[in-house]
Every structure is written in structure tokens, then in C-alpha cells.
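So the structure is just underneath, and the comments pick up after that.
The values are calculated or read from the model by the stated rules, or taken from the named source; none is laboratory data. Model, not experiment: these values are computed from the prediction. Please note: Cβ atoms are built from the backbone with ideal geometry, for glycine as well, and neighbour counts cover all protein chains shown. Keep in mind that these areas ignore ligands, DNA and RNA; they rest on the heavy atoms of the full protein, side chains included. Shrake-Rupley method; radii C 1.70, N 1.55, O 1.52, S 1.80 Å.
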Amino acid sequence: MQQAWREKIALVSLIILVCGIVVYLTIFLTMTFCPESVSKTQSNIYQVNRTDKTAGVIGVRGIAYSTNEATWRGVITFNITAGMDMTPYFSVPLPDECTSDKIKEFRASQYDVCSGDNGSGNCPLGDVDDGIKNNNLKSMDDRPIGYDWSDVGSGYFVINGNVLNLTPYLMSVGSEPSGDMLDEAIFAAANNGLVDASLLFQRTAKMKAATACLIARFGAGQLAKDTPGCFAVNLFNYIALIIIGGIVLSRFIMAVIFQYFLSWQLVRRPPRSKVRPLSYNAAAPWAGKKPQTGAAAGKIGKGDDDELYTIMLVTCYSEGEESIRGTCDSLCGTTFSDSHKLLFIVADGIIKGSGNDRSTPDICIDLIEQEESFRDPQPCSYLAVAAGSKQHNMAKVYCGHYVVNEHRTPCLVVIKCGAPEEQDAAKPGNRGKRDSQMILMNFFSNVVHNERMVPLEYDLFRKVHFLMNVTPDLFEIVLMVDADTKVYEDSLRLLVNCMNNDQLIMGLCGETKIANKRDSWVTAIQVFEYYISHHLSKAFES
């Protein structure tokens, strides 16, 4: 029990972890690497040289202003282009980023670009704040000016995504650097045509501080490209979309191919060339021998050549007579020869279900016409799927026929009655559904491989041989259903056809439908789940 709980906790923990990862990737990945402020900035940018959207818009210190109502009061001669940087036409006061003592030694941090020929008429529009107001430039909600890489021309370069216009400074100071570290970097970028000069300004702490000063003084806008974080998020989303969409589409297409082009070929009656001869263990001790107790009374009959010997396993626990009888009626009523099918009912312990007037074993025994030769079976031992003293269990095997309409199907009823020491327990013999299935599977495993059998398996062997007039090693198919399941008349025939048509098939499942789908909304929504599970998931896997 401790181990089971540990496994449950471990599985739940893994599920929570995986769900947390999915939630993070779906919701919070974008917030982490591409914050809303960044994404909004990129979407609100006015692009340089885009006349369709940026006509009549200029940039001052990287911020967009409209010139549609401008009244120029300065002596200027220029042609306004979309997104043009007009900061050099204004006198810009020294920003706070340039007042630090450790960068005052750099000429570019203190030089007045209006004192020389800066190429813009020595700042003809006066102070920047007054000039914007006097010339009636209208702010565009502080939206930035954006540059593409192709827009970064001579005198411009990019530092950490910010576009700087160093043209007025370079024209004012001439062609010779002052010799300080900052000037050397500026002229190196200008003379070598570097578009992205970020690395040149990251070498020392002083250069990083000077970089902030340059951006504040000469900033002309921002690089209108996604940041690496936004680019990575978009790339991840596209890849995830392609992968998930591809998987969903592939599953759908393959399911359709199986449903409409392959499945009908599997379920049709096989040609005689595909029908295999009956295989059996010729080296087994029982090969060629007749049942020691004779054969079952009545005509056994002969099935078609393409009918494989089939066991129909029904596991019961606490179901009522109506439920068990409905299942057995549907199984025995299938369009499959009674001579090639055997109904195998296992009652999991001496249990009386709620609302039943008899115990489940009594209900199962009363369903069949018992053979007189085996009317009072004795309990036989076997090894159950359990631990400790529960591993030893005992069961009785009742032998007879299940009769419904014109069908008289051979039937075995295995009642797990428990060892003598547990007869006074609440549920003697109860070991679970898995143990009920393993009774049959272990039996066939020992028969096929000629291994040592336990007493219960000897009893099963003798009674199968008696009922079917063939040894159990001729059986090839096991159809497993619960005691609350009904099957269609042609179900067994279709499943066996699949096995005959494709020798590589080792397991099959039919479509499960809800019988009481109109009882409540819960049963109604299960219809969709079962339909998708079969027609999409299982069809794709097939």
C-alpha cells in the first residue's frame, strides 16, 4: 500500500510539473522574454522612410512629432522626409546622464554641437522645448521613431538597439579624434562603416556610462526589429504551432486513411489462401488423444474453415443477473459457430452485490445447463496475483452449456472460493479482475509451452477437452469483456476476420459505445470522448 501511494504521489508530482511547464510556456514565456512594454514599443513605432504611414512625421530626440500644423519660425532650408531626425536643428541641453565626473574627460559627452558647423545651420530652431512649442509640433503620444538596418546610414550607428545620429558631432569636430577612448570608438565606428557598434562601447565601466550619455544626447530612435527575446518567443511559438498542428493534422489524415481505406479490407471474410491450418503442439502428451471422460452430450457440429477457436472471457464481481445475462446473451448470440467458441465466466470471490437476492457465483452457475458428469466440482488450488498468504487461492470449475435462442454454447464458470482459512472473511476468494484474467492467460501459457500446471489448470484442461472435443492448445483467440458490456452479433466474426487477414495482428479492440447515453448529461458527454478515442486516437495508432 505504501508503494502504491508513493507511485501515485510521484505520478501526480510529475503531472503537476509538466502542467506547470506547459502553463509557463503558454502564458508566462512571453511575459519573461518579451514584456508588454517591449512588444508595445515595437508595435507603436513610426518607421523611417515609410511614406504611407509616417508622412509628415519627424523625430526629435527619438520621439515622433507631427508637422502637419507646423509653423516654422527659424531660418531653415530642408526637405522633410518621413521620420527624419530633426534633433540637430534644436539646441539640446546637456542631459543628466552626461554630468557624471568620470565621463567629463570625454569630449563627446560635453561638446556643444551648436558651436560649430554641424550641417544643420547651427541649431536654427533654438531651445528644443521652446522650439517644439513655438513651431507648433504635435506630439504623437510619445511614440518612438523606428529604423530598419537599411535606414542606418553614414553618421548613424546602433548601440544596444538604440539608433544614434552622430552626424552633427562628427561635422562639428572635424575628421580628427581628440584621443580619448570614447572618441576613438566613435571615429572607429564612423570610419569603418560599422552599423552595430554595441561591442565597441562595452569594454569598460566608463565606456558603458558614456554610452548612456551618447544615447541621451544623440538618440534618433530605436531599431525597429524584434528584440532577441521577442524573436526567440515568436520563433518558439511558430515552431510549437507547426509541430502541434503537424501532429494533429497527421493523426487526422492517418485516422481517415485507416477508417476509409484499410479497415474494410481487414474485416471482410478472408480468401481461402489466407486461412491457416489449425496449429497444435504435436509433441504434447495429450496430442491425438480423446477426452478421458468422453465428449459432451449433443451434436458439436463443425465450423467454417476461417473460424478460429475462441474463448469469450467474462469477468464478474458484484453485477446482477440482468447485467451478466445480457452480456452472455450477446456473446453467445454472435454469428459464429458454437463449436468454435467457449464462454468462460470468472466470478471474483463469494460476493453478493447490492440489490441482488443471490451471490454473484450463484447467479453465474444458474445461467448454464450443467453437465451431469461435473455437477459437483471440488475446489482446486492455484497461485493468485497477490502477496503473502493471499497468493494461495482456490476455485471451482462448473461445466455446461449456455443456451440462448438457437445457440447452445459450451461454457465454463470459474468460482474463486478462497482457501479454507479465509472462508469466514468478508470476501473469500476475491483477488481482483487482473487475477481473474491471469487464471486464463496462465493456463494457456502453460498449455502452449507444455509447462507444469497447477491443479486448477488440470481441471480446466480436462473440462475444455470434454466440452469442445479438442485440446485447449487449438484455441487462438481470447475475447475479453466486462460483465456490463454487450457486443453486436457480427463483432466476433469481424475480429476473427482481422486476425486471419493480417497475421501480424496480436491484439484488437472494438468500438465502445454508451448504452445509456441519454440518462444524464454526464453519460451524454462520454459519447464524444469514446467516439474520439476510437475513431481518431485508436484509428491513428492502427
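Given the structure, is residue 175 modelled with pLDDT under 85, part of a helix (DSSP H, G or I) and either more than 52 Å from the chain's Cα centre (by Cα) or of a type in the set (S, T, N, Q) (or both)? Answer is no for this residue.
Assessment of segment 402-414 against the conditions (in contact with a His (Cβ under 9 Å, 6 or more places away or on another chain) and of a type in the set (A, V, I, L, M)) yields no matching residue.
Does residue 147 qualify as being in contact with a Leu (Cβ under 8 Å, 6 or more places away or on another chain) and either charged (D, E, K, R) or surrounded by 14 or more Cβ atoms within 10 Å (Cβ to Cβ) (or both)?
The answer is yes for residue 147.
Against the numbered list (1) of a type in the set (Ser, Thr, Tyr); (2) modelled with pLDDT of 75 or more; (3) closer than 28 Å to residue 156 by Cβ, residue 41 comes up short only at (2). Condition first: within 25 Å of residue 367 (Cβ to Cβ), charged (D, E, K, R), without any contact (Cβ under 8 Å) to a residue 12 or more places away in the chain and open to solvent by 20 Å² or more (accessible area, probe 1.4 Å). Can you find one or more residues in segment 403-424 that meet it? Among the residues of segment 403-424, at least one is within 25 Å of residue 367 (Cβ to Cβ), charged (D, E, K, R), without any contact (Cβ under 8 Å) to a residue 12 or more places away in the chain and open to solvent by 20 Å² or more (accessible area, probe 1.4 Å), which makes the answer yes. Residue 210 meets each of the listed conditions (1) in contact with a Pro (Cβ under 9 Å, 6 or more places away or on another chain); (2) at pLDDT 85 or above apart from (1). The numbered conditions (1) more than 21 Å from residue 338 (Cβ to Cβ); (2) open to solvent by 10 Å² or more (accessible area, probe 1.4 Å); (3) touching a helix residue (DSSP H, G or I) at 6+ places or on another chain (Cβ under 6 Å) are all true for residue 443 except (2). Residue count for segment 231-250 under the criterion of being in contact (Cβ under 8 Å) with a residue 12 or more places away in the chain and either crowded, with 18+ Cβ neighbours inside 10 Å or of a type in the set (Phe, Trp, Tyr) (or both): the result is 2.
The set of residues in segment 532-542 being without any contact (Cβ under 8 Å) to a residue 60 or more places away in the chain and touching an Asp or Glu at 6+ places or on another chain (Cβ under 8 Å) consists of 534 alone.
In segment 425-440, the residue that is nearest to residue 318 (Cα to Cα) out of those that are open to solvent by less than 90 Å² (accessible area, probe 1.4 Å) and of a type in the set (A, V, I, L, M, F, W, C) is 425. Looking only at segment 485-507, residues that are surrounded by 16 or more Cβ atoms within 10 Å (Cβ to Cβ) and part of a loop (DSSP other than H, G, I, E, B) come to 3 in all. Of all residue pairs spaced 6 or more apart or on separate chains, those with beta-carbon atoms under 9 Å, a first member in segment 439-458 that is outside any helix (DSSP H, G or I) and a second member that is among the charged types (D, E, K, R) are 450/473. Within segment 315-335, being closer than 16 Å to residue 403 by Cβ and either in contact with a helix residue (DSSP H, G or I) (Cβ under 8 Å, 6 or more places away or on another chain) or open to solvent by 10 Å² or more (accessible area, probe 1.4 Å) (or both) holds for 321, 324, 325, 326, 329, 330, 331, 332, 333, 334.
The residues in segment 186-204 that are of a type in the set (A, V, I, L, M) and either more than 10 Å from residue 157 (Cβ to Cβ) or open to solvent by 20 Å² or more (accessible area, probe 1.4 Å) (or both) can be counted, and the count is 6.
When residue 471 is tested against the conditions (1) among the β-branched types (Val, Ile, Thr); (2) open to solvent by less than 30 Å² (accessible area, probe 1.4 Å); (3) under 27 Å from residue 323 (Cβ atoms); (4) in contact (Cβ under 8 Å) with a residue 60 or more places away in the chain, the lone failure is (3).
Being open to solvent by less than 20 Å² (accessible area, probe 1.4 Å), modelled with pLDDT under 90 and assigned to a loop (DSSP other than H, G, I, E, B): is that true of residue 283 here? When the stated conditions are applied, residue 283 does not pass them.
Could you grab me the full set of residues in segment 99-144 that are open to solvent by 50 Å² or more (accessible area, probe 1.4 Å), at negative phi and in contact with a strand residue (DSSP E or B) (Cβ under 7 Å, 6 or more places away or on another chain)? Correct list: 127, 138, 139, 143. Cβ-Cβ contacts under 6 Å between residues 6 or more apart (or on different chains), taken from a first residue in segment 115-135 that is without any contact (Cβ under 8 Å) to a residue 60 or more places away in the chain and within 17 Å of residue 169 (Cα to Cα) to a second residue that is β-branched (Val, Ile, Thr) and part of a loop (DSSP other than H, G, I, E, B), are listed as 124/75; 124/76.
Here's the yes/no breakdown for (1) touching a residue at least 12 places away in the same chain (Cβ under 8 Å); (2) open to solvent by 50 Å² or more (accessible area, probe 1.4 Å):
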| site | (1), (2) |
| --- | --- |
| 465 | yes, no |
| 509 | yes, yes |
| 521 | no, yes |
| 526 | yes, yes |
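Here is a check on your reading of the model: is residue 266 within 20 Å of residue 536 (Cβ to Cβ), exposed (fewer than 15 other Cβ atoms within 10 Å of the Cβ) and modelled with pLDDT of 80 or more? Considered against the rule, which asks whether it is within 20 Å of residue 536 (Cβ to Cβ), exposed (fewer than 15 other Cβ atoms within 10 Å of the Cβ) and modelled with pLDDT of 80 or more, residue 266 comes out as no.
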